[in-house]
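The values are calculated or read from the model by the stated rules, or taken from the named source; none is laboratory data. Note that the coordinates shown come from a computational prediction; the quantities given were computed from them, not determined experimentally. Ideal geometry is used to build each Cβ from the backbone, glycine not excepted, and the neighbour counts take in all protein chains shown.
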Amino acid sequence: MSEPAAFNFHWGNTELRGWALGSDGDIIDAFTAPTPLEEGRNKGFSDVLAHCLGEFVTGQKSAPLLFAGMVGAVNGWHPAPYSNCPITPEKLLSQAKRFEFLGHPTLILPGATCADSLGNADIMRGEEVQLLAVSQLLGLQNLTVSIPGRHCKHATLSDGALTSFQSFVTGELFDLLLGNSLVGALATGTAFSAAAFSDGVQHGARQPLATAVFASRANTLTGRLAAEDVASFLSGVLIGHEAAQLRGLDHPVALMATGLLAERHGLAYEVLGIPYQTIDAKICMRAGLQRVARCMLDSNA
């Protein structure tokens, strides 16, 4: 194996992943540790990283370590700033937090921020790196990317750059309403019903959200909705309301997700007649970091 020219890392909620890159930016080795970011907060980021990385980053000390994601949050290892849209690899590198670790030049990439017409801010951290890979992976320069999760994102890419985005607290609202409100109090269990979910999608897409979610309770009390289907209906309402924002776009929609999130959001798009294609979020993180690292290696050549 050739000597690594750079190392990329993403430290998430469940694991630490890393890749060694050759001088051409190609991946020559990979690393995974089942170490959640919370362990760094509890035991010290530097100590946990030094233990986890072990011999993976041995070799030329001039090879930089490039990190992305919540490791740069305000409660992360070294807080990195938010960079204003539009976001490009060059811009992320220029605003990265820089220091030395284990004898290596180390960079933590910033998150991204944008503002609406009234000046209200939106933020993301980690997704901006994933998004920089989507255009290349799909061969599309202009598109909207939907990223499901606790705080979902709809991001606009123009000429391959991240130009704007919106956050939707869809996952968090579902947990709160189902577990801590009268709206979800009549629910029994969380078994999935595609029919109830689809009904919820259509209702959520047509009504103001604060009105739409109340049907989870009202429909149950009037016998229209079974108690065991409340969770599916409520999930459909919330995802349907979010998905409705994607109707009528004049450019393609990509769904960056896998597993259950991809299935539920994909079903909502099909119910609402929204064409889309799916792309794996983990692949996007690896490829996005690789794109930033290649930019860094080219600038140092």
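In the range 69-116, how many are hydroxyl-bearing (Ser, Thr, Tyr), closer than 17 Å to Ser164 by Cα and either in contact with a His (Cβ under 8 Å, 6 or more places away or on another chain) or not in a strand (DSSP E or B) (or both)? First the steps, then the outcome.
Step one: list which residues in the range 69-116 are hydroxyl-bearing (Ser, Thr, Tyr), which gives 82-83, 88, 94, 106, 113.
Narrowing the set further to residues that are closer than 17 Å to Ser164 by Cα leaves 82-83, 88, 113.
Narrowing the set further to residues that are either in contact with a His (Cβ under 8 Å, 6 or more places away or on another chain) or not in a strand (DSSP E or B) (or both) leaves 88.
Looking only at that region, the number is 1.
All conditions but one from (1) surrounded by 22 or more Cβ atoms within 10 Å (Cβ to Cβ); (2) modelled with pLDDT under 95 apply to Gly160; the one that does not is (1).
For the range 227-246, a residue qualifies if it is surrounded by fewer than 16 Cβ atoms within 10 Å (Cβ to Cβ) and of a type in the set (A, V, I, L, M, F, W, C), and exactly one does: Ala227.
Put simply, of Leu267, Leu221, Leu209, Leu261 the only residue that is in contact (Cβ under 8 Å) with a residue 12 or more places away in the chain, touching a His at 6+ places or on another chain (Cβ under 7 Å), over 17 Å from Leu143 (Cα atoms) and surrounded by fewer than 22 Cβ atoms within 10 Å (Cβ to Cβ) is Leu209.
Among the residues of the range 1-20, those that are among the hydrophobic types (A, V, I, L, M, F, W, C), more than 12 Å from Phe56 (Cα to Cα) and not in a loop (DSSP other than H, G, I, E, B) comprise Trp11, Leu16. What are the residues in the range 45-63 that are assigned to a loop (DSSP other than H, G, I, E, B) and of a type in the set (D, E, K, R), if any? Selection gives Glu55, Lys61.
What about Gln130, is it touching a residue at least 24 places away in the same chain (Cβ under 8 Å) and either under 15 Å from the mean Cα position of the chain (by Cα) or on the phi > 0 side of the Ramachandran plot (or both)? So that I can check it myself, show each step before the final result.
Details: touching a residue at least 24 places away in the same chain (Cβ under 8 Å): yes; either under 15 Å from the mean Cα position of the chain (by Cα) or on the phi > 0 side of the Ramachandran plot (or both): yes.
Yes.
Does any residue of the range 277-285 turn out to be of a type in the set (Lys, Arg), surrounded by fewer than 16 Cβ atoms within 10 Å (Cβ to Cβ) and either at pLDDT below 95 or part of a helix (DSSP H, G or I) (or both)? Scanning the range 277-285 turns up at least one residue that is of a type in the set (Lys, Arg), surrounded by fewer than 16 Cβ atoms within 10 Å (Cβ to Cβ) and either at pLDDT below 95 or part of a helix (DSSP H, G or I) (or both). Selection of the range 210-238 for residues being in a helix (DSSP H, G or I), of a type in the set (S, T, N, Q) and over 19 Å from Ala194 (Cβ atoms) yields only Thr211. Is there a residue in the range 120-137 that is farther than 26 Å from Ala254 by Cα, modelled with pLDDT of 95 or more and either assigned to a loop (DSSP other than H, G, I, E, B) or touching a strand residue (DSSP E or B) at 6+ places or on another chain (Cβ under 7 Å) (or both)? No; the residues of the range 120-137 include none that is farther than 26 Å from Ala254 by Cα, modelled with pLDDT of 95 or more and either assigned to a loop (DSSP other than H, G, I, E, B) or touching a strand residue (DSSP E or B) at 6+ places or on another chain (Cβ under 7 Å) (or both).
Would you confirm whether any residue within the range 239-250 is in a helix (DSSP H, G or I), over 18 Å from Pro208 (Cα atoms) and touching a Ser or Thr at 6+ places or on another chain (Cβ under 9 Å)?
So in the range 239-250, the residues in a helix (DSSP H, G or I) come out as 239-246.
Adding the requirement that they be over 18 Å from Pro208 (Cα atoms) leaves none.
Scanning the range 239-250 turns up no residue that is in a helix (DSSP H, G or I), over 18 Å from Pro208 (Cα atoms) and touching a Ser or Thr at 6+ places or on another chain (Cβ under 9 Å).
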